[in-house]
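Since the structure comes first, as structure tokens, the remarks are kept for the end.
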Amino acid sequence: QLKKKLKKIFKMQVNSNNVTYENGFIQASYQYKSSNVEKLENGTLKVTPKTTEYTFKTNTKVPKLGIMLVGWGGNNGTTFTAGLLANKMKLSWFTKRGEQTANYYGSITQASTIKVGCSGSEEVYLPMNQVLPLVNPDDVVIGGWDISALNLSQAMKRAQVLEYNLIEKLDPYMRDMVPKKAIYYEDFIAANQKTRADNILEGHNKLEHLETIRKDIREFKAANNCDKVIVLWTANTERFCQLTPGVHDTAENVLKAIENSEAEISASTVYAVATILEGCSYINGSPQNTLVPGVIELAKQKDVFIVGDDFKSGQTKIKTSLVDFLVSAGIKPQSIVSYNHLGNNDGKNLSSEKQFKSKELSKKSCVDDITGSNKILYPETNKIDHEIVIKYVPYTGDSKKAMDEYLSEIFLGGQHTLVLYNVCEDSLLAAPIILDLILITELFERIEYKVDGMRTFQRFNRVLSTLGYLCKAPLTDENTPLVNSLYRQKSALDNIFKACAGLHADDNLLLEFKCP
Ligand code: NAD
């Protein structure tokens, strides 16, 4: 009923000569204002503001979407599937606190709003999924692979994330969902995962594995009548592959290396290449370097999107807003120490040194651009003391504890200490992020742009860095600035939605009230 009410209240039509709604497309022209900076020899910065005309064209026809998860039977995979089913069927269940109904808290597409303007002195906000047309999560089809053969209902019980009464209600719907056989290269994930690897593709021929995954994607798409499929990695964190010239550097070499079953081609890279060759977008939810330069080149050649790396769910989300706040307030963070302990299978995998290293790198690099933005605080180096500790404590289960200490230097040499204790079911944070990553990637597949002088419409850069808000270590194309600040990432995402819908970017000036 609430959904119905929301639909009734909110509907946007932009009243402007810059926007047209025709033949199933929203076409909007947008003036992008930026500035070129020249560093002159005398130490002066010469700043030249410029305006560039863009036209964005969004196809409003929402496709039937198939989602394939690598690691479907894991904590995230099962929680994501259960969450979508619970919402679709409008389930409610009992917990010790009373009756709970399904919701999408934690998903920006389903539960956040974007300011569209003012009505008198009232600021008016619209749900993100009503600013531009997104796939409705009720309508997607889910499938995927796992090295463990458990069906999704058994796997959901193994995960120990959801309330028992909800599990009981979902059991009949998830019992028949069975993961496809997966690629398993032992050396890439922790040895402690071996005991669950009873659903794997045979042999060591990587080209055969690639072909099987491609066939799986095609069959899944056809069997479910999908218009398109998106593949997302939510399997265990792999160790980094050792980047080798002649193996990972070009699209041609990656394909050759798969043919030759090169040892340093990871399982995740084979999934990514198979996905790209099938013309589908690929999203990497873990920290490892799946998307090597040759895979990026292949994605560009095949005109598909890639997104990565590593879901930004808890500690890093806070870190990239807190450090942004401190540095922009003129306060100098000097050290950050992050302790995590968790007891789920992710934690078990990360208790192995090589896999921990992938996570450590992803967690550590997230404040560098923020400290680098302030030469008053960091005149020489912007590197601060930043330590990451992760411990596997089985009894804590999926309820991850994160403890962070931030030490900063303040006025006249004073010291400022901030300590945070963050407790949360890890997969209940990750599942809505998985949904957002997929739905926004799908939307971006339907958007094209033209800029001054271009004859034909183009698609966004195939390395979709706009989704950095949802990623711990955002993958960017070469010569693209890396942005980790949570606020900047969210405002860029909101403003791209607004630009495509024909609205101005929000600069929060509210001049009509300040200069009445
Ligand atoms: P999980 O261990 O519960 O699930 C991973 C699943 O992947 C398992 O079922 C495993 O059997 C399967 N798997 C392993 N190798 C595979 C392969 N080659 N092919 C197919 N399946 C394979 O872990 P999780 O808690 O669901 O997390 C999944 C990933 O997401 C981890 O890498 C984790 O680091 C990352 N991540 C999670 C969060 C979070 O908040 N939960 C945040 C950021 C990143």
**25 °C / 0.890 mPa s Stokes-Einstein diffusion coefficient of the chain, Kirkwood radius on C-alpha pairs, µm²/s** = 100
**Complete:** Under the Karplus relation with 6.51, -1.76 and 1.60 and θ = phi - 60°, whole-Hz ³J(HN,Hα) for region 362-376, x at Gly and Pro, equal 5, 6, 7, 7, 7, 10, 4, 5, 6, 5, x, 7, 10, 7, 6
**Request:** Note the full-extension length gain between Lys39 and Asn260 as 0.36 nm times their separation in residues minus their Cα-Cα distance, in nm to one decimal.
**Result:** 74.7 nm
**Prompt:** Roughly speaking, to the nearest percent, how much of the chain's 1.4 Å accessible area is carbon and sulfur?
**Reply:** 51
**Request:** Calculate for the chain the 222 nm mean residue ellipticity that helices alone would give, adding -39,500 (n - 2.57) per DSSP H run of length 4 or more and normalising by residue count, nearest 500 deg cm²/dmol.
**Result:** -9500 deg cm²/dmol
**J(HN,Hα) series, region 168-180, from Karplus relation 6.51 cos²θ - 1.76 cosθ + 1.60, nearest Hz, glycine and proline x** = 4, 6, 8, 3, x, 7, 9, 4, 8, 8, 10, x, 6
**Asked** Antiparallel DSSP bridges in region 58-212: what percent, to the nearest 5?
**Response** 60
**Asked** If you wrap a convex hull around the C-alpha atoms of region 159-203 and split its volume per residue, what is the figure in Å³?
**Response** 98
**Prompt:** What is region 179-320 by shape, rounded, prolate or oblate, if you read a ≥ b ≥ c off the alpha carbon gyration tensor as root eigenvalues and call it rounded for a/c under 1.5, prolate for a/b larger than b/c, and oblate otherwise?
**Reply:** rounded
**Message:** Please report the antiparallel percentage of DSSP beta bridges with both residues in the chain, rounded to the nearest 5.
**Reply:** 65
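With every protein chain present, what is the per residue accessible area of region 24-159 (1.4 Å probe, Å²)?
Each residue of region 24-159 exposes 48 Å² on average to a 1.4 Å probe.
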**Request:** Quick one: check the C-alpha center-to-center distance for region 280-342 versus region 73-90, whole angstrom.
**Result:** 24
**Item:** Reference-scaled alpha-carbon Rg (2.2 N^0.38 Å with N residues) for region 100-197
**Value:** 1.58
**Message:** Using DSSP to call loops (not H, G, I, E or B), can you name the trypsin sites (Lys or Arg not before Pro) in region 1-100 whose Cβ has at most 13 other Cβ atoms within 10 angstrom?
**Reply:** Lys11, Lys61, Lys90, Lys96, Arg97
**Message:** For a quick check of your reading of the filter: which GluC sites (Glu not before Pro) in region 184-276 sit in a DSSP loop and have no more than 13 other Cβ atoms within 10 Å?
**Reply:** Glu202
**Request:** Give a residue-ordered list of calculated ³J(HN,Hα) values for region 150-165 (Karplus: 6.51 cos²θ - 1.76 cosθ + 1.60, θ = phi - 60°; whole Hz; x for Gly, Pro).
**Result:** 4, 6, 5, 6, 4, 5, 5, 5, 4, 5, 6, 9, 8, 5, 4, 5
**Asked** Could you give the accessible area per residue of region 276-316, probe 1.4 Å, as a whole number in Å²?
**Response** 21
**Prompt:** Using a simple spin-label model with points 7 Å from Cα along the Cα→Cβ vector, what separation in nm is obtained for Asn136 and Thr396?
**Reply:** 4.0
**Complete:** Computed over the Cα atoms of region 301-375, the Rg and Dmax in Å are 15.4, 46
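The values are calculated or read from the model by the stated rules, or taken from the named source; none is laboratory data. Since we're looking at a predicted model, the values are computed, not measured. Ideal geometry is used to build each Cβ from the backbone, glycine not excepted, and the neighbour counts take in all protein chains shown. We work out accessible area using only protein heavy atoms, side chains counted, and drop any ligands, DNA or RNA first. Shrake-Rupley method; radii C 1.70, N 1.55, O 1.52, S 1.80 Å.
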